[in-house]
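**Student:** Attaching a single structure in structure tokens format; questions to follow.
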Amino acid sequence: MAQDKALAATPASETERASSDAKSARKFYGWNNAALLFFIQFAASGFVYFAYAAIFPAMVEDMDWNRGDASIAHSLSFLVLGLSYPLTAWMIGKRGVRFTLTVGLILMLISLLMTVFFVTEIWHWTLIWGFVMGAANALAGPLCGQTVVINWFNAKRATVLGIILTGNALGGFFAQPILIRVMETFGTWQSGWLVSAAAVVGALLLTQFIVNRPTDIGQHPDNFDPLAARADTQKPAPEPRTYRSEKNWTVREVFHTRAVYFIMIINVTYLSIGTFLLTHGSLYLSDIGISKIQTASIVSIFIIGSGLGRMPAGWLGDRFELRWLMAAMMAAMLLAFIMLWAMASLMGLGFAAFLLGLCYGGFFALSPALTSNFFGQESFAKINSVFAPLLLPFVATAPAGAGYIFDIYGSYDLAFLIGSILLGLSLVSAICLTPPKHKAATQAA
């Protein structure tokens, strides 16, 4: 009875604080999520998305396809990816990241197995890779991992995005020699995709341990408990060093800003350049007389550069305004792209590939951070669900477009010229990129 009276006399705030302290005593699960997403990216993206650069040329050679027709599948995959992003955002909102990622990885596994056992004609390849893999990439793509990180981290958002996105590049770096060795050993390109399928199974198992939001287990972003802070029992929340919007923008409001169009130009450019290099880079290097082993090494250098660029870019993105970082990276990317086009020495090509990879990987970390910083954490998924259908059709022109440029002109020179112009335009866009002002904030001021 005395205990009941004591409990009744306990202020509600103290009860809430005690409950909060008990829950926060658990180890912060945000870092568990980051580790899980790192290895999921390593397996599923590294051994599928980057594996394309190793296996696609073998398919073209084995089945005597022309490059333009064979590349339609990859272009179609990007179109389906973009059109499926609203579905991805809806599923994340309704069922959470873990469920969405699981469905996507199952669909990816089905796509790989269909490719191995059913592709004998170019139209088989186009339908399976274009439609099934395109939908799988949307559901299991970066939006899932980015959403989890943005839910769990605020002050260190760009840094953690850089960490998890390093996983796919590191996976791609190891995938290149492994897949080439497997295909040489078994004498078939199908054996390479079977290795990719095994990696996806591993990613599926890891996905089941992801926790969607801190509130699902009674925790808080950045492991900062507001109740404890109010009671002076915990240090203040870490303050971000770069701009963060205080408002969560609507999609309509976003498209009334100048910044969104600069962001779209930058995103189309870096994604198109990376897609072109991963689809046609090996074929281009072979055309200029580079051996298969040396070609694989240069592509691996690009991929490992992509991996190494993500964490430093994320770390810098939490400390310096993204506008100037993006401008510097775009200038370096332009220089490296022209070097890759103009040079023929192995050392020069290797340096250009590494620098391109650093910048390409850096943009993967900074781009989602920029969107959430400028337009609000809660708006990130729905804004991306609109961005993707608008941007990816342009990116989708890179694989097939470059293939047909080669088929018509016998070289990739026109593709390199178009890419250089886009990079120059994106450099100007990055310099002009300033945080937009929300109407409500402006009126309040």
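**Student:** In the set L392, L423, which member is under 21 Å from the mean Cα position of the chain (by Cα) and farther than 21 Å from A140 by Cα?
**Tutor:** Matching residue, one of L392, L423: L423.
**Student:** With (1) open to solvent by less than 60 Å² (accessible area, probe 1.4 Å); (2) at pLDDT below 90; (3) not hydrophobic (A, V, I, L, M, F, W, C) as the list, and K437 as the residue in question, which single condition is left unmet?
**Tutor:** Only one criterion in (1) open to solvent by less than 60 Å² (accessible area, probe 1.4 Å); (2) at pLDDT below 90; (3) not hydrophobic (A, V, I, L, M, F, W, C) is unmet by K437, namely (1).
**Student:** Does T279 qualify as being of a type in the set (S, T, Y), free of Cβ contacts under 8 Å to residues at least 40 places away in the same chain and either in contact with a helix residue (DSSP H, G or I) (Cβ under 6 Å, 6 or more places away or on another chain) or within 14 Å of L340 (Cα to Cα) (or both)?
**Tutor:** Answer is no for this residue.
**Student:** Mind checking which residues of the range 149-164 are open to solvent by 10 Å² or more (accessible area, probe 1.4 Å) and either out of contact with any helix residue (DSSP H, G or I) (no Cβ under 6 Å at 6 or more places or on another chain) or farther than 15 Å from S367 by Cβ (or both)?
**Tutor:** Within the range 149-164, N151, N154, A155, K156, I163 qualify.
**Student:** Of everything in the range 249-300, what is of a type in the set (A, V, I, L, M, F, W, C) and within 18 Å of the chain's Cα centre (by Cα)? Give them in sequence order.
**Tutor:** Within the range 249-300, I263, M264, I265, I266, V268, L271, I273, F276, L277, L278 meet the criteria.
**Student:** Would you point out the residue of the range 335-357, among those that are part of a helix (DSSP H, G or I), farther than 22 Å from F50 by Cα and touching a Leu at 6+ places or on another chain (Cβ under 9 Å), that is least open to solvent (accessible area, probe 1.4 Å)?
**Tutor:** It comes out as G348.
Residues checked against (1) crowded, with 20+ Cβ neighbours inside 10 Å; (2) under 17 Å from the mean Cα position of the chain (by Cα); (3) under 30 Å from Y243 (Cα atoms):
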residue: S75; (1), (2), (3): yes, no, no
residue: A89; (1), (2), (3): yes, yes, yes
residue: F118; (1), (2), (3): no, no, no
residue: T166; (1), (2), (3): yes, yes, yes
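**Student:** For T166, are the conditions met, namely being in contact with a Lys or Arg (Cβ under 8 Å, 6 or more places away or on another chain), β-branched (V, I, T) and within 28 Å of A313 (Cβ to Cβ)?
**Tutor:** Considered against the rule, which asks whether it is in contact with a Lys or Arg (Cβ under 8 Å, 6 or more places away or on another chain), β-branched (V, I, T) and within 28 Å of A313 (Cβ to Cβ), T166 comes out as yes.
**Student:** Identify all residues within the range 406-438 that are more than 18 Å from M330 (Cα to Cα), touching a Lys or Arg at 6+ places or on another chain (Cβ under 9 Å) and part of a helix (DSSP H, G or I); write none if there are none.
**Tutor:** Scanning the range 406-438 gives F406, D407.
**Student:** Of the residues Q146, Q176, only one is modelled with pLDDT under 85, surrounded by 23 or more Cβ atoms within 10 Å (Cβ to Cβ), in a helix (DSSP H, G or I) and within 16 Å of the chain's Cα centre (by Cα); which?
**Tutor:** Only one candidate passes the filter, namely Q146.
**Student:** Same structure again: Among the listed residues W193, W123, identify the single one that is open to solvent by less than 10 Å² (accessible area, probe 1.4 Å) and not hydroxyl-bearing (S, T, Y).
**Tutor:** Residue meeting the stated conditions: W193.
**Student:** In addition: Residues being of a type in the set (D, E) and crowded, with 17+ Cβ neighbours inside 10 Å: count how many of those fall in the range 63-73.
**Tutor:** 1
**Student:** Could you list, in sequence order, the residues of the range 290-334 that are open to solvent by 60 Å² or more (accessible area, probe 1.4 Å), assigned to a helix (DSSP H, G or I), at pLDDT below 80 and more than 12 Å from G362 (Cβ to Cβ)?
**Tutor:** Answer for the range 290-334, where residues must be open to solvent by 60 Å² or more (accessible area, probe 1.4 Å), assigned to a helix (DSSP H, G or I), at pLDDT below 80 and more than 12 Å from G362 (Cβ to Cβ): K292, I293.
**Student:** Give the residues of the range 77-87 that are among the aliphatic types (A, V, I, L, M) and open to solvent by less than 40 Å² (accessible area, probe 1.4 Å), sorted by residue number.
**Tutor:** Listed by number, the residues that qualify are V80, L81.
**Student:** Output the residue which, of all residues in the range 395-410 that are of a type in the set (A, V, I, L, M) and open to solvent by less than 40 Å² (accessible area, probe 1.4 Å), is nearest to the chain's Cα centre (by Cα).
**Tutor:** V395
**Student:** Still on this structure, I have one more. Starting from residues that are open to solvent by 40 Å² or more (accessible area, probe 1.4 Å) and modelled with pLDDT of 85 or more, keep the ones in the range 41-62 and report whichever is nearest to the chain's Cα centre (by Cα).
**Tutor:** Ranking the qualifying residues of the range 41-62, first place goes to F42.
Quick grid of which residues meet (1) assigned to a helix (DSSP H, G or I); (2) within 21 Å of V386 (Cβ to Cβ); (3) at pLDDT 90 or above; (4) touching a Lys or Arg at 6+ places or on another chain (Cβ under 6 Å):
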residue	(1), (2), (3), (4)
A70	yes, no, no, no
A73	yes, no, no, no
Y85	yes, yes, no, no
T88	yes, yes, no, no
M91	yes, yes, yes, no
F99	yes, no, yes, no
L107	yes, no, yes, no
M114	yes, no, yes, no
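**Student:** Can you name the residue in the range 179-200 that is of a type in the set (S, T, N, Q) and under 21 Å from W125 (Cβ atoms) and is also nearest to the chain's Cα centre (by Cα) among such residues?
**Tutor:** S196
The values are calculated or read from the model by the stated rules, or taken from the named source; none is laboratory data. Keep in mind that this is a model prediction, so the values were computed, not measured. Ideal geometry is used to build each Cβ from the backbone, glycine not excepted, and the neighbour counts take in all protein chains shown. Please note that ligands, DNA and RNA were not included when accessible areas were found on the heavy atoms of the full protein model with its side chains. Shrake-Rupley method; radii C 1.70, N 1.55, O 1.52, S 1.80 Å.
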